[in-house]
Amino acid sequence: MNESSTTPFLAACRGEPVPYTPVWFMRQAGRSLPEYRAIRAGIPMLEACRQPDLICEITLQPVRRHKVDAAILFSDIVVPLAAAGVDVDIKPGVGPVVADPVRDRAAVAKLPHLYADSVSFVAEAVELLVKELGGTPLIGFAGAPFTLASYLVEGGPSRTHAKTKALMYSAPDVWHALCERLAEITSSFLNIQIGAGASAVQLFDSWAGALSEADYRHYVLPHSTNVLEGLPAGVPRIHFGVGTGELLGAMAEAGADVLGVDWRTPLSAAAARVPGKPLQGNLDPCVLFAPDDVIDLEVRRVLAEGRTAPGHVFNLGHGVLPETEPDRITRVVELVHEHSRRSAAEPATGSPVPGAQP
């Protein structure tokens with residue numbers, strides 16, 4: 001059994017008792033850290049994601065600095081697409097840009113498969129990290145089929161996802177064929193990380209919040225389900241999307257063990273929508289720019305709301321913003337551990353701190 005199997009993070013993911021609430025942060029490894037900016041200087045993002053030693057060092061940086069309870073692999077959701085042979089690049093200040101957008105059946109048919117040797121650098125990095133991290137769990141991750149599809153169809157980031165939705169509505173057969181191929185790639189990528197030693201995985205459906213629940217259920221849910229059900233039993237699966245408060249019930253049906261919640265939906269409300277599911281989240285990333293007393297109050301509010309779920313992994317409601325002072329992140333980790341240790345033996349009371357939301 002992996003040494004990290006008894007850690008607070010994995011116990012919380014399984015809804016088991018914990019001595020304190022575990023905490024990690026989406027984008028904890030990245031531009032908020034001066035050591036990251038130094039080591040990444042002059043190295044394009046996708047190139048950095050292909051170097052096992054660099055992946056390992058960047059992944060470890062926030063664990064050393066912040067003393068978080070889990071590491072997350074340094075990578076990007078388009079890494080498996082690029083490794084498989086899709087012509088995609090990550091443009092600074094823009095994001096993923098696809099040279100030849102996928103908008104018809106012929107383009108879907110040309111999409112390559114992902115093979116293990118194409119991402120051997122990821123498996124090597126995971127193996128290095130498991131040794132370096134000791135008992136700290138490593139979270140692997142991948143982009144969900146809808147979010148990957150949106151980049152492929154739009155050709156890059158989009159505010160409206162108009163081309164994506166147009167394909168869904170006008171050519172559902174093409175849409176489902178595209179998502180089936182992407183589910184296959186995503187499942188392979190996650191299984192490679194798990195096989196190399198990742199203790200848990202997170203499926204990012206960053207843009208699913210652009211959909212209605214009906215559209216999510218018809219066009220997205222079957223493919224996310226195929227990904228999550230294709231992973232080995234016993235490895236906690238976290239599912240997260242931005243602006244997905246109204247979709248949480250449907251997302252829970254995809255098979256994840258833990259639902260990530262963004263800052264718009266109180267964890268107490270999320271717990272009522274997905275009864276029996278541990279939750280992850282959900283401090284607003286902008287709170288880290290607030291005065292110390294506000295940060296303390298908001299941390300206690302999120303912890304209180306998290307106690308309404310069977311398990312709670314403290315996180316932000318989205319990723320760490322690049323302008324965030326690293327000391328603020330470290331302080332939040334300390335506050336989470338301090339306050340949750342103090343209240344571990346206390347029963348949940350609904351709204352024990354000022355500002356707690358029903």
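The values are calculated or read from the model by the stated rules, or taken from the named source; none is laboratory data. These numbers come from a predicted model, not from an experiment. Every residue, glycine among them, receives a Cβ derived from its backbone with ideal geometry; neighbour counts consider all protein chains shown.
Can you name every residue in the stretch 255-280 that is hydrophobic (A, V, I, L, M, F, W, C) and free of Cβ contacts under 8 Å to residues at least 40 places away in the same chain?
If we filter the stretch 255-280 for residues that are hydrophobic (A, V, I, L, M, F, W, C), which is where we start, we get 256, 258-259, 261, 263, 267, 269-272, 274, 279.
Hits for the stretch 255-280 are Leu259, Ala270, Ala271, Ala272, Val274, Leu279.
In the stretch 27-45, what residues are of a type in the set (A, V, I, L, M), touching a Leu at 6+ places or on another chain (Cβ under 9 Å) and closer than 23 Å to Ser206 by Cα?
Filtering the stretch 27-45 down to residues of a type in the set (A, V, I, L, M) leaves 29, 33, 38-39, 41, 43, 45.
This time we only want the ones that are touching a Leu at 6+ places or on another chain (Cβ under 9 Å), so: 29, 39, 43.
Ala29, the sole residue that qualifies.
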> Hey, which of the helices (runs of 4 or more DSSP H) in the stretch 28-99, taking only ones fully inside, have at least 1 residues that are under 17 Å from the mean Cα position of the chain (by Cα) and at pLDDT 95 or above?
Replying inline: 52-66, 79-84
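Residue under question is Ala233, and the condition is that it be outside any helix (DSSP H, G or I), among the aliphatic types (A, V, I, L, M) and at pLDDT below 95; does it hold?
Details: outside any helix (DSSP H, G or I): yes; among the aliphatic types (A, V, I, L, M): yes; at pLDDT below 95: yes.
For Ala233, the condition - outside any helix (DSSP H, G or I), among the aliphatic types (A, V, I, L, M) and at pLDDT below 95 - is met.
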> Which of the residues belonging to the stretch 236-248 are crowded, with 18+ Cβ neighbours inside 10 Å, part of a loop (DSSP other than H, G, I, E, B) and touching a Lys or Arg at 6+ places or on another chain (Cβ under 8 Å)?
Replying inline: Pro236
>> What's the total number of residues in the stretch 290-306 that are in contact with a Phe, Trp or Tyr (Cβ under 9 Å, 6 or more places away or on another chain), of a type outside the set (A, V, I, L, M) and within 20 Å of Pro326 (Cα to Cα)?
In response: 0
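Checking the conditions here, which among Ala270, Ala256 is within 18 Å of the chain's Cα centre (by Cα), in a loop (DSSP other than H, G, I, E, B) and buried (at least 24 other Cβ atoms within 10 Å of the Cβ)? I'd like the intermediate steps shown before the answer.
Working: Ala270 fails: in a loop (DSSP other than H, G, I, E, B).
Only one candidate passes the filter, namely Ala256.
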> Which of the residues spanning the stretch 297-333 are of a type in the set (D, E, K, R), in contact (Cβ under 8 Å) with a residue 40 or more places away in the chain and assigned to a helix (DSSP H, G or I)?
Replying inline: Glu298, Arg300, Arg301, Glu305, Arg328
> Would a scan of the stretch 195-203 turn up a residue that is modelled with pLDDT under 95 and surrounded by fewer than 23 Cβ atoms within 10 Å (Cβ to Cβ)?
Replying inline: no
